[in-house]
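The structure appears right after this line, and notes come after that.
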Amino acid sequence: MEDKARSGRRTYDSGFKERAVAMAAESNNVAETARQLGVGYSLLNSWRNAAELARSKGQGLAMALEERARLAALEKEVAQLREENEILKKGSSDIRVGGIAPDQSLGRVDVRILSLR
């Protein structure tokens, strides 16, 4: 909790989110409801969209928000793994350009590369 407080991001419990979505539905004015609650319009709108998705799947709002957070974490992990894969590909091509095949013994080959410098 302290880390989130230091980063300046506020967290809201699922009860608050559900009440906010209900208030926005009752008033039919999302912007005004967001102002009254002190949250951003886009944040309240994302809660509304998550609640609608949850209703269509027969889940609660909290479950839909957890799914969205898990999906975002997985997308971030995939991006990181792709970046690491590209680095490894580039590194292996650099080795081949330098005259070392990945399956060669490095004993004498290393000595020749060092003596060229």
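Values quoted throughout were computed directly from the atomic coordinates according to the rules given, and no laboratory measurement underlies them. The shown structure was predicted, so the numbers you read here are calculated from the model rather than taken from an experiment. Counting neighbours? That spans all protein chains shown, and the Cβs are built from the backbone with ideal geometry, glycine included.
What order, most packed first, do the peptides 66-78, 20-32, 39-51 have when packing is the mean number of other Cβ atoms within 10 Å of each residue?
39-51, 20-32, 66-78
What does the charge add up to near T33, with Lys and Arg as +1, Asp and Glu as -1, over the other residues with Cβ less than 15 Å from its Cβ?
My count for the surroundings of T33 gives +1.
If contacts are Cα pairs under 8 angstrom and at least 6 residues apart, what is the relative contact order of the stretch 18-91 in percent? Before the final figure, lay out the partial values.
On the way: 35 pairs, mean separation 13.6, N = 74.
Relative contact order comes out at 18 percent.
Pop a pseudo-label 7 angstrom from the Cα along the beta-carbon direction at both R82 and L53 and give the gap in nm to one decimal.
1.9
Excluding E83 itself, calculate the net charge of residues whose Cβ lies under 15 Å from the Cβ of E83, where each Lys or Arg counts +1 and each Asp or Glu counts -1.
It works out to a net charge of 0.
If each of R35 and K89 carries a label point 7 Å out from its Cα toward its Cβ, how far apart are those two points in nm?
Taking the simple label geometry, R35 and K89 are separated by 5.1 nm.
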